[in-house]
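**Q** This is the structure, below, for whatever I ask next.
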Amino acid sequence: MKRHTEGTPVPWWMIPLAVIGVAFLVIPIVALLLRLPWGSIWELLTAPSSRDALWLSIWTCTVATLACVVFGAPLAIWCARQNPQHKTRTAIAKAIRGLLRLPMVLPPVVAGLVLLQTWGRYGLLGQYLDLFGVRVAFTSVAVVMAQTFVALPFFFASFESALRASGDKYERQARTLGAPSSTIFWKITLPLARPALASAAALAFARALGEFGATLTFAGSLQGVTRTIPLDIYLLREDDTGQALALSLVLIILALLLGSAAMLSGRNTGKPRGRFQKTKSEQIQEPDLTHLPSAGAAPEVSVDLQVPERQVAIKSTFPAGKITAIVGPNGAGKSTLLSALSGTLPFQGQVDLQGATVGVLEQSPILFPHFSCAKNIDFALRHTRKELAPKQRAELVKSALLWVGCDHLAERYPSALSGGEKQRVALARLASQAPQLVLLDEPLSAMDESAAASARSLLRKILEQLGATTLLITHNPQDVLELADWMTVLKSGQVYAQGTALELLSKAGGDPRQARLSVAWGQ
Ligand SMILES: Nc1ncnc2c1ncn2[C@@H]1O[C@H](COP(=O)(O)OP(=O)(O)OP(=O)(O)O)[C@@H](O)[C@H]1O
């Protein structure tokens, strides 16, 4: 069979059109390079007017970029992190997105005029500043404001779309671990968004650097005060073409550097961190359950909740200290129930957890990618077991990895773990919190049969020792028979049946151990 190594084929007629596009952009730059007075370029660039323009552009663009980051990043994070279920907030975020597009398409000279109408001596706000002797227009501050006005929308659009594309699963995970919102921002959102932030900042700097129309209209063109590189080039273009070309070269080089920086910083290399190669001695070890805590008083959990937009209305009680399997056909409402109990989904009605602490384990474990395995567990313990001193916490992290046979993975990062290893580390994190209510959403479904069998036996031992009230969503009769004491069957968003697993699987007659789970909901 022919192997495709050249990418997806494109129609031949696109090639000449693409070549014309590239030539159209590149030939003018080549023309500039050919016309440059290379012999005197250093003198031209160090001439007083060039030095003034260069220095002014660099510091004003730096301040404008900082302003974009300081004011634009919180705005972008707020807009990107709105839950679509909050209709009003989502509508506000949409309106902000639309509004911020306006300065992008506004001719820069119009941007300068609107700034003048606002901050000029007789402007809407400028007239009050004037009372205190403060004048903004036609100063270096005006340069920064003009640059910020045109660059902020670019910063916002780039950063916000990157945030929306990456999703908020890590922030939600941190919230379920009880981390306060400031901690989530500094420890999770910011480190994970750093490449996108750097890329957006580089874009904002580049846009500010090229700003011309708004600056000329709002700030004027006074050497050393408001005359930035683009204004200087414009003024020099006829009288001293050589100097104008030399300054243009500087702008082109800066634009290339910023473009590359934006591309490089926005790229997620996805390289696994930490030790990756497994040696034989690094295979999963025999779990050592010494020091595994007991959850203490496990609650009886009563729910009477409704999520109308999903047509889910569940009324049930889950026995204290027992493992209840939650089963049912696709779309029955199983995940909705668990999301409501874990506090990640708004619902109507009542849920009585009797003040229990809650631990969640999902089908695809969410481990923070910028923390090692040990740090992942430590982060959870900092917020769920605040009573522990740092030394006790470090010991617990070590023990937790031993419970799941993964102490050799302590310093490894999640990107260097297999799916089964990730699930074990997530289980260690959950067990170390000793939660009184454990919510498991198909925790073994992504594993192959033999890995699932050993993980199931480990899960059983850990759950037995914890003694927590446990809800386990599963589609696998083996999980029900080996792990669960009790079974709740959901169908069409409601409780269809409740009882012991053997009772419900015997419904159709025959050996319940050979039965399909669908027998429990009459199919
Ligand atoms: N994000 C969502 N927005 C709106 N409706 C949703 C959303 N997620 C699920 N639903 C709907 O809610 C209902 C219950 O879905 P839920 O995911 O709880 O079912 P489930 O029993 O967990 O299904 P599965 O076994 O396929 O995971 C379904 O009708 C589904 O279409």
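**Q** Using the structure shown, decide if residue 412 is part of a helix (DSSP H, G or I) and either more than 16 Å from the ligand (Cβ to nearest atom) or in the same structural domain as residue 491 (by TED's automatic domain parsing) (or both).
**A** For residue 412, the condition - part of a helix (DSSP H, G or I) and either more than 16 Å from the ligand (Cβ to nearest atom) or in the same structural domain as residue 491 (by TED's automatic domain parsing) (or both) - is not met.
**Q** Would you be able to say whether some residue in the stretch 47-60 is surrounded by fewer than 14 Cβ atoms within 10 Å (Cβ to Cβ), within 30 Å of residue 240 (Cα to Cα) and acidic (Asp, Glu)?
**A** no
**Q** For residues that are surrounded by 24 or more Cβ atoms within 10 Å (Cβ to Cβ) and in contact with a Phe, Trp or Tyr (Cβ under 8 Å, 6 or more places away or on another chain), scanning just the stretch 325-338, find the one that is nearest to residue 471 (Cα to Cα).
**A** If we take residues in the stretch 325-338 being surrounded by 24 or more Cβ atoms within 10 Å (Cβ to Cβ) and in contact with a Phe, Trp or Tyr (Cβ under 8 Å, 6 or more places away or on another chain), then 325 is nearest to residue 471 (Cα to Cα).
**Q** Let me ask you something else. Condition check: within 29 Å of the chain's Cα centre (by Cα), within 11 Å of the ligand (Cβ to nearest atom), small (Gly, Ala, Ser) and not in a helix (DSSP H, G or I). Does residue 359 satisfy that?
**A** When the stated conditions are applied, residue 359 does not pass them.
**Q** Going by what's in this entry, would residue 443 be described as within 16 Å of the ligand (Cβ to nearest atom) and either assigned to a loop (DSSP other than H, G, I, E, B) or modelled with pLDDT of 90 or more (or both)?
**A** For residue 443, the condition - within 16 Å of the ligand (Cβ to nearest atom) and either assigned to a loop (DSSP other than H, G, I, E, B) or modelled with pLDDT of 90 or more (or both) - is met.
**Q** State whether one or more residues within the stretch 394-409 are free of Cβ contacts under 8 Å to residues at least 12 places away in the same chain and assigned to a loop (DSSP other than H, G, I, E, B).
**A** no
**Q** Filter the helices (runs of 4 or more DSSP H) completely within the stretch 84-174 down to those with at least 2 residues that are among the polar types (S, T, N, Q).
**A** Those helices (runs of 4 or more DSSP H) span 87-105, 108-119, 140-166.
**Q** Go through the stretch 490-523 and give me each residue that's surrounded by fewer than 21 Cβ atoms within 10 Å (Cβ to Cβ), among the hydrophobic types (A, V, I, L, M, F, W, C) and either in a strand (DSSP E or B) or modelled with pLDDT of 85 or more (or both).
**A** If the condition is that a residue be surrounded by fewer than 21 Cβ atoms within 10 Å (Cβ to Cβ), among the hydrophobic types (A, V, I, L, M, F, W, C) and either in a strand (DSSP E or B) or modelled with pLDDT of 85 or more (or both), then 495, 497 are the ones that fit.
**Q** Does the stretch 57-66 contain at least one residue that is in contact with a Lys or Arg (Cβ under 8 Å, 6 or more places away or on another chain) and free of Cβ contacts under 8 Å to residues at least 60 places away in the same chain?
**A** no
**Q** Follow-up. Hey, could you check the stretch 456-489 for residues that are polar (S, T, N, Q), buried (at least 17 other Cβ atoms within 10 Å of the Cβ) and outside any strand (DSSP E or B) and say which is modelled with the lowest pLDDT?
**A** Here the residue is 476.
**Q** Determine which member of the set 456, 424, 513 is assigned by TED's automatic domain parsing to the domain that holds residue 316 and over 34 Å from the mean Cα position of the chain (by Cα).
**A** 513
**Q** Residue 427 - would you say it is crowded, with 24+ Cβ neighbours inside 10 Å and part of a helix (DSSP H, G or I)?
**A** Against the criterion (crowded, with 24+ Cβ neighbours inside 10 Å and part of a helix (DSSP H, G or I)), residue 427 qualifies.
**Q** Let me ask something else. Listed residues 75, 124, 102; which is closer than 21 Å to residue 206 by Cβ and either outside the structural domain of residue 220 (by TED's automatic domain parsing) or surrounded by fewer than 17 Cβ atoms within 10 Å (Cβ to Cβ) (or both)?
**A** Every option except 102 fails the conditions.
Yes/no per residue for (1) outside the structural domain of residue 323 (by TED's automatic domain parsing); (2) β-branched (Val, Ile, Thr); (3) crowded, with 21+ Cβ neighbours inside 10 Å:
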residue: 341; (1), (2), (3): no, no, yes
residue: 345; (1), (2), (3): no, no, no
residue: 350; (1), (2), (3): no, no, no
residue: 353; (1), (2), (3): no, no, no
residue: 357; (1), (2), (3): no, yes, no
residue: 364; (1), (2), (3): no, no, no
residue: 377; (1), (2), (3): no, yes, yes
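**Q** Also: Kindly evaluate residue 151 against the criterion of being in contact with a helix residue (DSSP H, G or I) (Cβ under 6 Å, 6 or more places away or on another chain) and either modelled with pLDDT of 90 or more or among the hydroxyl-bearing types (Ser, Thr, Tyr) (or both).
**A** Yes: the conditions hold for residue 151.
**Q** Moving on. Criterion first (of a type outside the set (Asp, Glu), more than 16 Å from the ligand (Cβ to nearest atom), within 26 Å of residue 318 (Cα to Cα) and surrounded by 21 or more Cβ atoms within 10 Å (Cβ to Cβ)) does residue 438 satisfy it?
**A** Here the answer is yes, as residue 438 does meet what is asked.
**Q** Now, a different point. With the structure loaded, tell me whether residue 33 is in contact with a helix residue (DSSP H, G or I) (Cβ under 8 Å, 6 or more places away or on another chain) and modelled with pLDDT of 95 or more or whether it fails that test.
**A** no
**Q** Which pairs turn up if I take residues in the stretch 314-331 that are free of Cβ contacts under 8 Å to residues at least 24 places away in the same chain and look for partners that are more than 10 Å from the ligand (Cβ to nearest atom) and outside any strand (DSSP E or B) with beta carbon separation below 8 Å, at least 6 apart in sequence or on another chain?
**A** 317/300
**Q** Output the residue which, of all residues in the stretch 340-356 that are without any contact (Cβ under 8 Å) to a residue 60 or more places away in the chain and within 13 Å of the ligand (Cβ to nearest atom), is nearest to the chain's Cα centre (by Cα).
**A** So the residue we want is 345.
The values are calculated or read from the model by the stated rules, or taken from the named source; none is laboratory data. All values derive from a computational prediction rather than experimental measurement. Here Cβ is always computed from backbone atoms with ideal geometry, including for glycine, and neighbour counts include all displayed protein chains.
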